[in-house]
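Everything below concerns the one structure shown next.
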Amino acid sequence: MTGSPAELPIVVLDALMPTARRLVLDRRGSMVWDVESYRGRYAVKLGYPIEATADWPAQPWTALAPAREGAVLHRLGSQTIAYGEWERGTWNMQPWYEGPDLYGLWAPCREQGSSVVPRTSVVLGCVEALAELHRKGWAHGDVQPAHFIVGPERTRLIDLALARGGHVPSGYDFPFRGCLVHYEAPEISRSVLDTGEAEPTPEADVYALGASLLISATGRRAVAYPDDAPRRVQREAVANGRRRDVRVPGELGALIEAMLSHAPEDRPTLPEVAKALS
């Protein structure tokens, strides 16, 4: 992406003194590095502003996202997170979690003619990871398949830059203006359309988890709209309830159907989902 930094900032290099590093992602104002050092293995995130294009307005908030996530993780009790500023934005470093994400793990389920079915234990791991955040009084705001890392011992929920539930330093804070529309609950999309902002909630997270399970298991979005539709058109479809049928067999399909209910109060709580699965 034009304007993205080519290397780790000096402040991060000095803090970690890497023995190896690998660029994992560079898009939409965010870089993620897999860094090994004498201190351990870390995910290092850099934020920088997105420049305006003919199709997209400028997005300065992406420069603040890593520090905001670092502040959230500190509030949640993590003692292994560091974050700060560099010349183009902010950064954080946090432990690297090994394992596939939910979408990658369930790739065999999506193959044509496949008899592989989603594993209940994986769903329970995702439910517990999200429920743990909710028990601490926070809503994630950006639940999607890529943010569930299914490790050998437990599932981790990552990317908390948009989470809401406690104090964040004002210098790093910014309004919540929605997330990836595939996983937005109808009330979130409607609020963003009407006011430009919204408020993440546990109920909206439940919807997003249902949409994440559906697309990971079937490859189908919860709501139908053209792949190249502008975000406003996508959000109108979500807000107006143009939802596809859930084509996941068995109890999981019924749970996903309930999690994708249009009204927040009609969705099951995460403890109810866990109870039904177990």
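Checked against the criterion of being over 23 Å from the mean Cα position of the chain (by Cα) and small (Gly, Ala, Ser), the candidates Ala43, Ala67, Ala71, Ala20 yield just one match: Ala20. All but one of (1) over 24 Å from Cys126 (Cβ atoms); (2) buried (at least 20 other Cβ atoms within 10 Å of the Cβ); (3) touching a strand residue (DSSP E or B) at 6+ places or on another chain (Cβ under 8 Å) hold for Arg242; which doesn't? Here Arg242 clears every test but (2).
Applying the selection to the range 153-179, what residues are among the charged types (D, E, K, R) and closer than 9 Å to Arg68 by Cα? Matches in the range 153-179: Asp173 only.
Scan the range 100-149 for residues that are assigned to a loop (DSSP other than H, G, I, E, B), surrounded by 14 or more Cβ atoms within 10 Å (Cβ to Cβ) and either not small (Gly, Ala, Ser) or not assigned by TED's automatic domain parsing to the domain that holds Leu160 (or both) and the total you get is 9. Please find, within the range 183-198, the residue that is farthest from Gly141 (Cα to Cα) out of those that are charged (D, E, K, R) and free of Cβ contacts under 8 Å to residues at least 40 places away in the same chain. The residue in question is Asp194.
The requirement of being at pLDDT 95 or above, basic (Lys, Arg) and closer than 30 Å to Ala229 by Cβ is fulfilled somewhere in the range 59-79, by at least one residue. For the range 245-278, a tally of residues being of a type outside the set (Asp, Glu), under 16 Å from Ala208 (Cβ atoms) and surrounded by fewer than 12 Cβ atoms within 10 Å (Cβ to Cβ) returns 1.
Only one of the listed residues (Glu257, Glu184, Glu251, Glu265) is over 23 Å from Leu105 (Cα atoms) and in the same structural domain as Leu124 (by TED's automatic domain parsing). That residue is Glu265.
Against the definition (within 26 Å of Glu132 (Cα to Cα) and either surrounded by 13 or more Cβ atoms within 10 Å (Cβ to Cβ) or assigned by TED's automatic domain parsing to the domain that holds Glu153 (or both)), how does Ile50 come out, yes or no? Talk me through it step by step, then tell me what you get.
Details: within 26 Å of Glu132 (Cα to Cα): no; either surrounded by 13 or more Cβ atoms within 10 Å (Cβ to Cβ) or assigned by TED's automatic domain parsing to the domain that holds Glu153 (or both): yes.
So Ile50 does not fit the description; no.
The values are calculated or read from the model by the stated rules, or taken from the named source; none is laboratory data. Keep in mind that this is a model prediction, so the values were computed, not measured. For neighbour counting, all protein chains shown are included, and Cβ atoms are generated from backbone atoms with ideal geometry for every residue, glycine included.
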